[in-house]
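Written below as structure tokens is the structure these notes are about.
Just so it is clear, none of the values below were taken in a lab; they were calculated from the coordinates. Every value quoted in this text rests on a predicted model; they were computed, and no experiment measured them. Positions of Cβ are backbone-derived with ideal geometry, glycine not excepted, and every protein chain shown enters the neighbour counts.
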Amino acid sequence: MKLLSIIIPAYNEEANIVNIHNRLIAELEELPCHYEIMFVNDGSRDQTLGEILKLAREHDYVKYISLTRNFGKESAILAGLNRVHGDAAILMDSDLQHPPEMICEMVQGFEEGFHQVVAKRSRTGESKMRSVLSSLYYKIVNAVTDVDFVDGEGDFRLLSRKAINSILRLSESNRFSKGLFSWIGLSKKILTYENVVRVDGESKWSFASLVNYGIDGIISFNMKPLRICFYTGFIVLFLSLLYVAITFYHILRDGVGAPGYFTTITAVLMLGGIQLISLGVIGEYVGRIYNESKKRPNFLVDISNADEFDE
Ligand code: UDP
Ligand code: MG
């Protein structure tokens, strides 16, 4: 490998920029190749950009892209991938939750010929509740989707040039990178590290955004929810027909009994519920079609010292 790129999305991380830079350098110096560090400022409201610019003035290997507003981590990563020149790139968070000490081992994986080297995290130090919910979520997602999601495998990974180019070819605007990384395939090596607690600042994930992320994971990658609606509808229809036939038989045999308020209301509620669920699922997909059809770019660049990469 000649050049290794490190991509770091940063949103309100002023306290961490210098820190991560120093920690990174300590590791990168050990490597036998050149390196560049690409900071992507994702519309931060604090001094993040200032800190990055200071570093860029001092060091040639520090590159940056500053987006015009907050586009979200997925878009920030995409912006970074778009403008790095390395033979491989490592994606990393700015909060030091992704230990730079792993880089050496990841590069080794690349030299062994792997196109993706994933650093997988254990769940130590995380709240019990979150761990339990996460593993439950992964069980469900893997049951309903067609791609493979692994618990703890996040964005902390090395991508070969081939993997980067494959990712760049996926132009969809609802980006769920975990799914995209799995979708492109290619050979993969998995390393593990101990979970690290965030050094400074706060996590940008609220409970609501985690739930939304979860829904994206399920919807982005398959049409199975549509099919589940279809089957549920089908089964319910079958059961109602059966019920109608049995009731009809009883009426023929015994005559009309007491007015069936309970059964009527149950049927109405049940059907109403199922119809609403189905509409919701269809709505999700329609919404996505609407989003994709706008063909908007995933991010807009305000300033940068790196050119777009062209092969
Ligand atoms: N981030 C970003 N844009 C956002 C939210 C987050 O670029 O809109 C960056 C953030 O600065 C950090 C990384 O994505 O470098 C991971 O964010 P965070 O630590 O909040 O997520 P967590 O580690 O809790 O999953
Ligand atoms: Mg974090």
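Observations, loosely collected:
- On the beta carbon distance between Asp60 and Met129, with R0 = 35 Å, the FRET formula returns roughly 0.15.
- Normalised contact order of the chain, rounded percent, pairs of Cα under 8 Å and 6 or more residues apart: 23 percent
- Computed over the chain with a Gaussian network model linking Cα atoms closer than 10 Å, the most mobile of Ile20, Ile251, Ile37 is Ile251.
- Its Cα centre serving as origin, the chain has a Cβ charge dipole (Lys and Arg +1, Asp and Glu -1) of approximately 1300 debye.
- Among Met92, Met129, Met106, Met1, a tally of other beta-carbon atoms within 10 Å of each Cβ gives an order, fewest to most, of Met129, Met1, Met106, Met92.
- Of Val211, Val256, the sequence from fewest to most neighbouring Cβ atoms within 10 angstrom is Val256, Val211.
- Principal axis dimensions, largest first and in whole angstrom, of the chain by Cα: 92, 38, 36
- Taken one residue at a time, the phi angles of segment 75-88 give Karplus couplings (6.51, -1.76, 1.60, θ = phi - 60°) of 5, 4, 4, 4, 4, x, 4, 5, 10, 8, 10, x, 6, 8 Hz. Gly and Pro are set to x.
- ³J(HN,Hα) computed for each position of segment 37-45 - Karplus, 6.51 cos²θ - 1.76 cosθ + 1.60, integer Hz, glycine/proline x: 10, 9, 8, 10, 7, 8, x, 5, 9
- As a rough footprinting exposure proxy, the listed residues Arg130, Arg288 were ranked by other beta carbons within 10 Å of their own, and the order from fewest upward is Arg130, Arg288.
- Additional length obtainable on full extension of the chain from Lys2 to Lys295, 0.36 nm per residue less Cα span: 102.0 nm
- For the chain, built as a Gaussian network whose Cα springs stay under 10 Å, the top-fluctuating residue of Phe234, Phe156, Phe181: Phe234
- For the chain, built as a Gaussian network whose Cα springs stay under 10 Å, the top-fluctuating residue of Tyr35, Tyr249, Tyr138: Tyr249
- DSSP bridge pairs, the chain: antiparallel proportion in percent, nearest 5: 30 percent
- Cubic angstrom per residue, convex hull over Cα atoms of segment 204-294: 120 Å³
- Segment 272-311: projected area of the alpha-carbon convex hull, averaged over directions, in nm²: 5.0 nm²
- Estimated FRET transfer efficiency when R0 is 41 angstrom, pair His250-Ile228 (beta carbons, to 0.05): 0.80
- Farthest toward positive dipole pole in the chain [+1 Lys/Arg, -1 Asp/Glu at C-beta], among Leu226, Ser293, Ala267: Ala267
- Gln47 versus Leu170: modelled label distance in nm, points set 7 Å from Cα along the beta carbon direction: 3.8 nm
- Cα gyration tensor category, rounded, prolate or oblate, for segment 83-169 with a/c compared to 1.5: oblate
- Note that segment 8-13 has calculated 3J(HN,Hα) couplings of 10, x, 9, 10, 6, 10 Hz, one per residue in order, obtained from phi through the Karplus relation 6.51 cos²θ - 1.76 cosθ + 1.60 (θ = phi - 60°); glycine and proline are x.
- Value of relative contact order over segment 36-185, rounded to a whole percent, pairs C-alpha under 8 Å and six or more apart: 24 percent
- Using only side-chain charges placed at the Cβ, +1 for Lys and Arg and -1 for Asp and Glu, the dipole size of segment 6-153 relative to its Cα centre rounds to 620 debye.
- For Glu14, distant residues with modelled amide H under 5 Å away: Gln47, Thr48
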